[in-house]
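Everything on this sheet refers to the single structure shown next.
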Amino acid sequence: MLSQPSDDFPHVDLSDNEVCRDKSLLPQPLISQAGGLRSRDRPALENEIEDETTALSYLRAFFEEVVDAMAIADDSGHYIDANPAACELFGVSLDDLLGRCIADFSQIEFDFPSAWQQFLEKGRERGEFTLVRPDGTVREVEYAATAHFVPHRHLSVLRDMTERRQLERQVQALNQDLEQQVQQRTADLLAANAMLQATNQRLQAEIRQRERAEIALECAEDGVWDWHIPTGTLWLSGAWKQMLGYDDRTDEIGDRLQEWSRRLHPDDRNRVLWETEIHLAGHTPLFRSEYRLRDKHGAWRWILDRGKVVERDATGAPLRMIGTHVDITERKHLEESLRESQQKYQTLFEILPVGVSITDAAGRVIEVNPASEKILGISAREHTRRTCDGTTWNVLHADGSPMPPDRYASVKALREGQTILGQEQGVRRPDGSVCWVSVSAAPIPLEHYGVAIAYVDISNRKAAEIALRQSELRLLEISNSSPANIYILVLRQDGSLYIEHMSRAIEEILEYSVAEVIANPNLLVECIHPDDRATYEAAVQRSLVGLEPFYCEWRVMTPSGQVKWLKGSSRPKQRDNGDVAWYGVVLDISDLKAAETALQRQAYQERMLSEVVRAIRSSLDLNTIFTISAAHIAEFLQGEVAIVQYLPAERCWRHLVVHNQLPNTPDKLAFDIPDTDNPFAEQLKRLQIVQIDNTTTIQDPINRRLAEVFPGAWLLVPISANGEVWGSLTLSRAGSEVAWQAEEKKLAKRVADQLAIAIQQSNLHQQVQRWAATLEQQVRERTAELQQALEFEAVLKRITDKVRDSLDERKILQAVVQELGQTLRVLCCDTALYDLEHRTSTIYCEYAAADQSAAGLVLPMEDHPQLYTQLLQGVGQQFCHRCLEVQVSRQLMHDSAILTQPIRDDQGSLGDIWLLRPREQWFSEPEIRLVQQVANQCAIALRQSRLYQAAQAQVTELQRLNRLKDDFLSTVSHELRTPMASIKLATDLLEVYLRQLGLLPEPGQSTPTLLSQYFQILEDEGQREISLINDLLDLTRLDADAEPLILSPLTLQDWLPHVLEPFWERAQRQQQQLTLSITPDLPPIVTDASLLQRVLRELLTNACKYTPTGEAIEVSATATATLLNLCVANTGVDVPATECDRIFDRFYRIPNLDPWKHGGTGLGLALVKKRVEYLGGMIWAECESRRLSLRIQLPLERSPQCQNPQALRENFQD
């Protein structure tokens, strides 16, 4: 059992140990069982490695220069490598692309982790998706992806299909032909790449073998280390230090283990420490690990670390460990390159349309790709059941005869150990069909492997002439088979050009042979169209100066006189000798340019149509719309355009607009085309297009005469409105060389449809304008009604405000007649009040001319019984003077319309309102409603006035009774004061006499006598009566404002303690806590000190009287800018909120609120309130949480005019 890792050596999962995987991948032929190098000549081995490295550089160049985008991702789906084509496709640099995933560029959002996991489970996937570049451009991409083409690496091949998709929609036929050619050439290219796979695998194995041999040879020069485990001392050799860039002669690196551990790469630390812990525990015989160390310059160096514990103590604990370090940085880089190559070509094996199968040494098929299953019609399972020399293959010669197994290409390659290329043969599928294939087979130079077999489906072309024997020849043939010209153009340092490679496609493009172009590279420039030469040379110069990718489109002139459009792209690369080589392709895009021109023409047509639609939407003027539309279509078709309207009433067709009229022709605006016996007009009425490619062919006399005046080609397109012809869009073109094209007719028809829409919109607009005029008239009428209603409402409000603000009946009625008369513009308006007892109506107020005044006129109701019966019942009437059977009150009533409205409330009729105006002007409903509302308000005001008059009479009577009461109290008080003074004096003399006789005990005697108790009652009750009389007299004087104020400035900080002095002892005696709180900056107050002192003493007396034992009494004084705030508060008292306002009433005492049983008259607080108000202040009570507060507010200053009490009160209230 392994011991648990310590805190310094965290646990690392060893199931995916890179060391173990790398060891298993090492090619075995170069390594003997003893671990030494096999007996081979070292120079020869180095030459082979150099040759293989050269081959790999070619493969890498192919990966870098291939047109299609290739990207390699790790297990999480993030890219770790990509070729330049991929960077160009994604629109980012290689550094920006690495670490990102395909979801970062997808147009739609999706669950990328789930999709990626499904792809890993499926193994491969093809499809298309929309790619969004960082700059916002959108590309349509076709992709083919293969998972685990090497372990934990996944290849994606992507192709930009944007332009092809666009061209497919526009030029389908041309694109299909090009696609077939590209697919055929691509199949050839992929077939050749399949052949390279076996070679690549052999090179991989040999490079690994040679790498291990080199490591073994260099072990003698490895860095050596010696670790003393108990002390942590680490000895490092000079070679070890030099390996990391340090000087072995200095002490830059110490002798502690931390010198090694702190240089470990963070991603390798946990794994290396765990592997070290395992070896120290004795679970592995040797310690071996590969990891990265940071050198002196901060770079990471890959190290192969091998060591062993050489000394342990008696308990088995490690004491000493010795080992070596080998710098394997270069080997790691090479392994990474080889791993990437293996991944790339494994992906090609999976996705190529060329069938590939691999056998073991016995010739049994052990692996096939999907293309092999498809080509041969045999499943992968059936493949693995067969051997390459089995008779079940049913192979045929080129002539159809059976082929014996020993003639199979795979069998010959397996038995003879030779590569067989391009052997043509037929294979009969299980369904009976024959598939013709070109078979290539090559032995695989790996143990337990047999041959690699490639099948190229050549059923559509029996003759295959490609026999590739080396990679350069194969690539050359592939380039020659491509419709694009593939080239390598080199610019020497001396400025001369030479062509290193040129495919045969140049012969079709420039009509020069490959030999001619190679012999004279200047032909490539000489054939460039003069107008494009400067552009071409500028693109070449930019690419040369900055070594940027070359991209350009230009025209060339071939020897046969053709002008072709070419599109070239290449990537420059500077070689070691200073030469610059361009690797690129040139495509003939003449057909694409033609399609692009057609698309531009269509786009222009759509823009022109959009301008017409915009004109229709932005204007409702038909003349403007017709002018703009005619101008645009005339510019597009390069001809004359006219818009003609059909006039059925006049039996003719009239020109409204003519644009770009043909030269040497009369003005068409002066021509009306007859409608009668005109066959073209009949066709237009049937909404048919009339097409005349040559006016010389017209036979009918009407149009023949027009053709003589306006020769050429005509195109008449009907313009319909509501299903009937409205007119026509007429197109004319001089000459008869070119007939009207279908797209021109389609365009004219679309414009005519838009014009029809414009005509319908114009008609609708005119109808809407008529509706709008009608609606506007209705709105004006309704607005006038609303304005009148608002005016009446304002009048009613003014009348209401006036009658409610007055209690004078005459003012009320006069305001009513004045406002009504002026608002309704009547001849006369009057109000009358009823005397129901005498059955009369008296005209009280009026609004009329002086000569028509009837004010004060009394009208008996019996003179108009029918009229007043209705008015007394609350019904108003509108009538003419002829309805009256008796003499009228005013002369003008003979020629007037009369409106009467009763003034009535819920208690009965009070009067009426009469309004007169000329008899032809009747009162409208709104006016009648206004008069009714005014009458209601008038009734309310009259009733309030009469109630006020009654109330005033009652107030006058109450004031008289109050004065009598005050006089009585004053008289009684004065009358009682004299005898009470005599009684008080007699009591005092009696007390002196009794004390002299010894009948009254001395003050302080503990046991009073019965006589002293009776005498004390006499004395107390006498004093109580005197206090009551004094209070009553004070109230009388205060009510009469008869007590003068003596104002003086008062400093409360000094004055208040003197006022409280008598109450300190009383509060202490009753076990009450008395406190005084005064703010330091309290300003002085101008007031009557004597009156204020009596107020505070009364409040303190009440506080001491009603505060229970143990509670507190607090006096506080604060001030604002203009007011003094005094407060006397005592706790332990709970006064209901309903009682707080009543405690200042005369003779009112709160029940059950006298703990000391002192009694009282109930005049104390009433007298306090009267005195505070006399001082110009106010007092109120608040009770909260068993705390009663009596608060006083007094003005700080007194103006000279506010010296009497009444003025003080009014000033304070203001």
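The values are calculated or read from the model by the stated rules, or taken from the named source; none is laboratory data. If you're wondering where the values come from, they're calculated on a predicted model, not measured in any experiment. Here the Cβ is made from the backbone with ideal geometry for all residues, glycine too, and neighbour counts use every protein chain on show.
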Of all residues in the range 45-75, count the ones that are assigned to a helix (DSSP H, G or I), touching an Asp or Glu at 6+ places or on another chain (Cβ under 8 Å) and modelled with pLDDT of 75 or more.
0
Six or more apart or on different chains, Cβ atoms under 6 Å: show the pairs whose first residue is in the range 395-409 and in contact (Cβ under 8 Å) with a residue 60 or more places away in the chain and whose second is surrounded by 13 or more Cβ atoms within 10 Å (Cβ to Cβ).
Ala398/Glu424
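Go through Glu311, Glu335, Glu330 for me and flag whichever is acidic (Asp, Glu) and not in a helix (DSSP H, G or I).
Details: Glu335 fails: not in a helix (DSSP H, G or I); Glu330 fails: not in a helix (DSSP H, G or I).
Criteria check complete, one pass: Glu311.
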Looking at Thr627, Thr558, which is the one that is touching a Cys at 6+ places or on another chain (Cβ under 8 Å) and modelled with pLDDT of 80 or more?
Thr558
Over the range 900-949, the set of residues under 23 Å from Lys797 (Cβ atoms) and basic (Lys, Arg) is Arg904, Arg929, Arg943
Of all the helices (runs of 4 or more DSSP H) wholly in the range 216-307, which have at least 1 residues that are in contact (Cβ under 8 Å) with a residue 40 or more places away in the chain and either closer than 23 Å to Arg331 by Cα or among the aliphatic types (A, V, I, L, M) (or both)?
238-243, 266-280
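From the list Ser896, Ser853, which residue is surrounded by 20 or more Cβ atoms within 10 Å (Cβ to Cβ) and at pLDDT below 85?
Working: Ser853 fails: surrounded by 20 or more Cβ atoms within 10 Å (Cβ to Cβ).
Only one candidate passes the filter, namely Ser896.
For every residue, the table says whether it meets (1) in contact (Cβ under 8 Å) with a residue 40 or more places away in the chain; (2) among the small types (Gly, Ala, Ser).
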{"residue": "Asp74", "(1), (2)": "yes, no"}
{"residue": "Arg100", "(1), (2)": "no, no"}
{"residue": "Gly127", "(1), (2)": "no, yes"}
{"residue": "Glu142", "(1), (2)": "no, no"}
For the range 714-749, how many residues meet the condition of being in contact (Cβ under 8 Å) with a residue 60 or more places away in the chain, surrounded by 18 or more Cβ atoms within 10 Å (Cβ to Cβ) and either part of a helix (DSSP H, G or I) or not aromatic (Phe, Trp, Tyr) (or both)?
12
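Could you grab me the full set of residues in the range 571-589 that are farther than 16 Å from Ser482 by Cα and either outside the structural domain of Tyr536 (by TED's automatic domain parsing) or in a strand (DSSP E or B) (or both)? Explain how you work it out, then say what you get.
Within the range 571-589, the first condition is being farther than 16 Å from Ser482 by Cα, and the residues that meet it are 571-582.
Listed by number, the residues that qualify are Arg571, Pro572, Lys573, Gln574, Val580, Ala581, Trp582.
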Test: Ala380 is out of contact with any Lys or Arg (no Cβ under 9 Å at 6 or more places or on another chain) and either closer than 22 Å to Leu264 by Cα or surrounded by fewer than 20 Cβ atoms within 10 Å (Cβ to Cβ) (or both)
yes
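Only strands (runs of 3 or more DSSP E) wholly contained in the range 782-871 count here; list those with 3 or more residues that are without any contact (Cβ under 8 Å) to a residue 40 or more places away in the chain. If you could, list the steps in order and put the result at the bottom.
Details: elements: 828-835, 840-847, 858-860.
The qualifying strands (runs of 3 or more DSSP E) are 840-847, 858-860.
Pick from Arg262, Arg202: which is modelled with pLDDT under 85 and either more than 60 Å from the chain's Cα centre (by Cα) or among the basic types (Lys, Arg) (or both)? Working first, answer last.
Working: Arg262 fails: modelled with pLDDT under 85.
Only one candidate passes the filter, namely Arg202.
With respect to Leu37, determine if the residue is modelled with pLDDT under 50 and either farther than 30 Å from His279 by Cα or buried (at least 17 other Cβ atoms within 10 Å of the Cβ) (or both). Steps first, answer last, please.
Values: modelled with pLDDT under 50: yes; either farther than 30 Å from His279 by Cα or buried (at least 17 other Cβ atoms within 10 Å of the Cβ) (or both): yes.
When the stated conditions are applied, Leu37 passes them.
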Pairs needed: first member in the range 312-333, modelled with pLDDT of 85 or more and loosely packed, with under 13 Cβ neighbours inside 10 Å; second member anywhere, of a type outside the set (Ser, Thr, Tyr) and assigned to a strand (DSSP E or B); C-beta distance under 6 Å; at least 6 residues apart or different chains.
Asp313/Leu319
Looking only at the range 416-426, decide whether some residue is touching a residue at least 12 places away in the same chain (Cβ under 8 Å), of a type in the set (A, V, I, L, M, F, W, C) and over 18 Å from Thr359 (Cα atoms).
no
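On the basis of being in contact with a helix residue (DSSP H, G or I) (Cβ under 9 Å, 6 or more places away or on another chain) and assigned by TED's automatic domain parsing to the domain that holds Leu489, does Val545 make the cut?
no
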Of residues in the range 409-429 being touching a Leu at 6+ places or on another chain (Cβ under 9 Å) and outside any strand (DSSP E or B), the one surrounded by the fewest Cβ atoms within 10 Å (Cβ to Cβ)
Arg429
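Is at least one residue of the range 1091-1100 β-branched (Val, Ile, Thr) and in contact (Cβ under 8 Å) with a residue 60 or more places away in the chain?
From the range 1091-1100, those β-branched (Val, Ile, Thr) are 1095; that's our starting set.
So of that shortlist, the ones also in contact (Cβ under 8 Å) with a residue 60 or more places away in the chain come out as 1095.
Yes; the residues of the range 1091-1100 include at least one that is β-branched (Val, Ile, Thr) and in contact (Cβ under 8 Å) with a residue 60 or more places away in the chain.
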Checking Trp771 against (1) out of contact with any helix residue (DSSP H, G or I) (no Cβ under 8 Å at 6 or more places or on another chain); (2) surrounded by 11 or more Cβ atoms within 10 Å (Cβ to Cβ); (3) farther than 23 Å from Ile898 by Cβ, which test does it fail?
(2)
